[in-house]
1. Expected output is a single nm value to one decimal: the length gained when fully extending between A:Met1 and A:Asn80, i.e. 0.36 nm times separation in residues minus the C-alpha distance. What is it?
2. What list of ³J(HN,Hα) couplings, whole Hz, do you get for the stretch B:30-42 from phi and the Karplus terms 6.51, -1.76, 1.60, once you set θ to phi - 60° and write x for glycine and proline?
3. Given 0.36 nm per residue, what is the gain on full extension from B:Asp100 to B:Glu32 after removing their alpha carbon distance, in nm?
4. With a 10 Å radius around each residue's Cβ, average the other Cβ atoms per peptide and rank B:105-111, A:53-59, highest first.
5. With each label point set 7 Å from Cα along the Cα-Cβ vector, what nm distance links A:Ala115 and A:Ser143?
6. Within 10 Å of each candidate Cβ there may be at most 15 other Cβ atoms; applying that plus a DSSP loop requirement, which trypsin sites (Lys or Arg not before Pro) in the stretch A:23-57 survive?
7. Taking every alpha carbon pair in the protein assembly as shown, what does the distance histogram look like in 10 angstrom bins from 0, in percent?
8. What spacing in nm lies between the two simple spin-label points modelled at B:Ala93 and B:Lys16, each 7 Å away from Cα in the Cβ direction?
Number of protein chains: 2
Amino acid sequence: MTSEQQFVDAALRAWKFNVDRVEASFGKLSDEQLQAQVAPGRNRLLYLLGHLAAVHDRMLPLLGIGPRQHPELDSMFLENADSGAPAPVASAALKDALIDADHALWNAFSQWSPADWLSKHTAVSDEDFAKEPHRNRLSVLLSRNSHLAFHHGQIVLTEPRR
Amino acid sequence: MTSEQQFVDAALRAWKFNVDRVEASFGKLSDEQLQAQVAPGRNRLLYLLGHLAAVHDRMLPLLGIGPRQHPELDSMFLENADSGAPAPVASAALKDALIDADHALWNAFSQWSPADWLSKHTAVSDEDFAKEPHRNRLSVLLSRNSHLAFHHGQIVLTEPRR
């Protein structure tokens, strides 16, 4: 491995660590358990599941991997706060949407070269990227990884205390 | 910037983002507000403040930067769960311990070369590192960054809803 590949490897391990633990947390929850709020008056687990599915699905076009698969999630899980309403789709479908997005992302990530990671994401113009080369795909990965860990910290509050 | 430096830059920006927002969250809290639990029966903000100060302080020897400054935090904030007991030191001193650790870390981070980041941390032996070169300083930074985002997701649950 070149040193550049070692940097990519570290970032991918950090991402995979959070993806795996979040998918495991949601995987064992029933429909009823997904109705729990992470704290009084705060988001339900169901909302966080749909929210993460939507955010990761949006990473597909953002990183130039492919088109959205589930734009129908945005209204309930991204553009609006948790209303407490029933989900528009079964919770199993939400779990699948998250897993499918994570799988499509990983499929691309595991093929990219270091140069691919340092290339621009699709939400920045060529002109802006020339001035701000840190707005690359790697920065998206790292910020979405923080986002994932942020919500995992909330999800675990509904689990039995160790 | 070389491409290796760009990788380091992205990792440092991601770390700084979380450090800044966590320090800002704690900075505005009074002693009384720090007594709030992030969810019923869960850690108090005070505990998370001491916990993050202890974990970041431990990064100093772990990354070969220098000795611990606040080992006295470990018993209450690392080795034991939140007991609800008063802190052994004033909360202002806990805030200072976190800020001081973050400052000492940043001072080292901003001077390290890409090769420094890929070198081993102090908790792995030479033999193990030869077999598992991913156990480097960069991996510590990324995992502690997830840890920081994880707890920030809990801290914000006590803030007024936006």
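1. 24.0 nm
2. Listing the rounded values in order: 7, 3, 5, 5, 5, 7, 5, 8, 5, 7, x, x, 9 Hz.
3. Length difference between fully extended and current span is 22.2 nm.
4. A:53-59, B:105-111
5. It is 2.6 nm.
6. Numbers: sites: A:Lys28, A:Arg42, A:Arg44; in loops: A:Lys28, A:Arg42.
Within the stretch A:23-57, the qualifying trypsin sites (Lys or Arg not before Pro) (loop, at most 15 other Cβ atoms within 10 Å) are A:Lys28.
7. 5, 24, 32, 26, 11, 0
8. 3.2
Rule-based calculations on the coordinates, nothing more; no lab input. Quick caveat: nothing in here was measured; it's all calculated off a predicted structure. Don't worry about glycine lacking a Cβ; one is built from the backbone with ideal geometry, like all the others, and counts go over all protein chains shown.
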